[in-house]
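Scroll down for the structure; my scribbles are underneath it.
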């Protein structure tokens, strides 16, 4: 027990020291030597050198072969950009989430795709008695949710195949898509019509309509959805919700600088529900 506790404490201490090293870099000191880093964080050069070796292998720092000094690596920029983009999407989207919530009174979600899963980054709760289990920060499977499917539909084929390989296609209900081919075909339909529907694919009694949000580069960076109890839905309300999320997604995309004439495709609102067919079990 004591050995495990000591190992855990040592691991935590190493992480804290590595973070301290990374935080020493600044715009005024973009490149630092081992000695300079050691003095700044109060560690022996050998300890700093060992930690820098790990950080260099992961790409978080890069050593100049000529000066032997270190600078921050691109993965940190990529991680920081993800945080900034998420915060920006949420800020731009919020008034439009409130607008569609006023129009329908149902639960409204804003979500992103992370490691093949949906992550909810904002939510407005339904005004009705039934409340959704989802929470901001919580994850959900992508292949059987409206948010997830509309974002999967915008992945390159290789990336979609990778998600299927790593995450699998777990069956949650009789309507869950569990066949890779059927999911690919379904994603093609989503791209064509401009929205996705989840008709009891994740939870039997829940229905969802979702549309993708694009940034200034034309990339689908998030999605907006309306989630409701299936028993309260008919063809007219499905069409209404599909139209509402498409309109909101278009406005949010505009706020992020997307060129809608090129990237944002708003398909016609459905006159009848377009659902995923029950499929045979698969991975």
Original post:
If you go through segment 182-219, how many residues are under 20 Å from residue 140 (Cβ atoms), in contact (Cβ under 8 Å) with a residue 60 or more places away in the chain and assigned to a helix (DSSP H, G or I)?
Top reply: 2
Subject >> Qualifying positions in segment 17-29 - out of contact with any strand residue (DSSP E or B) (no Cβ under 8 Å at 6 or more places or on another chain) and either over 16 Å from residue 58 (Cα atoms) or surrounded by fewer than 10 Cβ atoms within 10 Å (Cβ to Cβ) (or both) >> reply: 20, 23, 26, 27, 28, 29
**OP:** Restrict the check to segment 65-80 and report whether at least one residue is surrounded by 13 or more Cβ atoms within 10 Å (Cβ to Cβ) and over 30 Å from the mean Cα position of the chain (by Cα).
**Re:** yes
Original post:
What number goes with the only condition from (1) in the same structural domain as residue 203 (by TED's automatic domain parsing); (2) part of a loop (DSSP other than H, G, I, E, B) that residue 59 does not pass?
Top reply: (1)
Subject >> Some residue of segment 162-177 being free of Cβ contacts under 8 Å to residues at least 40 places away in the same chain and in a helix (DSSP H, G or I) >> reply: yes
Original post:
Any idea which of (1) crowded, with 16+ Cβ neighbours inside 10 Å; (2) modelled with pLDDT of 95 or more; (3) closer than 30 Å to residue 244 by Cβ is the one residue 37 doesn't satisfy?
Top reply: (3)
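Here's the yes/no breakdown for (1) modelled with pLDDT of 90 or more; (2) assigned by TED's automatic domain parsing to the domain that holds residue 146:
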residue	(1), (2)
190	yes, yes
216	no, yes
223	yes, yes
236	no, yes
267	no, no
280	no, no
Original post:
Looking at segment 135-153, which of its residues are buried (at least 20 other Cβ atoms within 10 Å of the Cβ), part of a loop (DSSP other than H, G, I, E, B) and in contact with a strand residue (DSSP E or B) (Cβ under 8 Å, 6 or more places away or on another chain)?
Top reply: 142, 144, 145, 153
Original post:
When you go through (1) surrounded by fewer than 14 Cβ atoms within 10 Å (Cβ to Cβ); (2) in a helix (DSSP H, G or I) one by one for residue 90, which number turns out not to apply?
Top reply: (1)
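The values are calculated or read from the model by the stated rules, or taken from the named source; none is laboratory data. Everything numeric in this text was worked out from a predicted model, so none of it was measured. FYI the Cβ positions are ideal-geometry reconstructions off the backbone, even for glycines, and counts take in every protein chain you see.
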